[in-house]
Amino acid sequence: MQRLYPVTQLKMMCFFALLVAATAVTVGAVSVARDTCGTSVVPLYRMYNGAAFDHFYTTSASEVITAVENDGYVLEGVSAAVFPTQQGTTLPLYRLYSAGAHDHFYTSVANRDSAPAVAFTDEMNHRTNPVERDFFTTNNGYKWEGTAALVYTTQICGSVPLYRLYAASHVDHFYTTSATERASALALGFIDEGIVAYVPAKGIVTGDSV
């Protein structure tokens, strides 16, 4: 069953993401220098296109509406709270897209330290390269589409892990803050690619969304 969200529900999900994130940042800031933590957050929306086997993440509500109305995507909720601009010690979460593979891919410098120890597929071999974004654009046919959001690359300020998983069977990268969703994806055959970044608050998603 498709989950199509009107603009009012987009705004509601945005409100909940902001509320949860504000709490996380406030609590986390107690033990960290004030200028280290970000304070202004936005929701990172999550969509899925079943025909293309592609999960798509964006902070733009207008981009969500276009993808849902015109491109065959279904809005699944808010994947996480993220930062819209550089704040404190945040760094970019880059967004890339492969038109050939129909795959949106997101990476940050956090990947250098969070990769699984064993490189068991070609997809994983890039882990030895410190600049994953450039590796994917040069070798894997992806186009860099800019910065999706700003994130932490270490677990500070009350942040939580943003996990990355990969389905080799249909080339789909999946991102979640939920340990339960992560376990479900692994059970479905996704490969664990570790923690891509740390974000100020968990997401809010609906139903069976992997």
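Listing for the model above:
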{"item": "Residues located in the stretch 102-155, provided they are modelled with pLDDT of 75 or more and among the basic types (K, R)", "result": "R133, K143"}
{"item": "Identity of the residue in the stretch 146-169, farther than 22 Å from G38 by Cβ and touching a strand residue (DSSP E or B) at 6+ places or on another chain (Cβ under 9 Å), that ends up surrounded by the most Cβ atoms within 10 Å (Cβ to Cβ)", "result": "L165"}
{"item": "Which numbered condition D71 misses (of (1) over 20 Å from the mean Cα position of the chain (by Cα); (2) of a type outside the set (A, V, I, L, M); (3) modelled with pLDDT of 70 or more)", "result": "(1)"}
{"item": "Qualifying positions in the stretch 36-50 - assigned to a loop (DSSP other than H, G, I, E, B) and free of Cβ contacts under 8 Å to residues at least 60 places away in the same chain", "result": "T39, S40, G50"}
{"item": "Residue, surrounded by the fewest Cβ atoms within 10 Å (Cβ to Cβ), within the stretch 60-102, restricted to residues that are within 24 Å of D134 (Cβ to Cβ) and of a type in the set (S, T, Y)", "result": "T85"}
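The values are calculated or read from the model by the stated rules, or taken from the named source; none is laboratory data. The shown structure was predicted, so the numbers you read here are calculated from the model rather than taken from an experiment. Cβ atoms come from the backbone with ideal geometry, glycine included; neighbour counts cover every protein chain shown.
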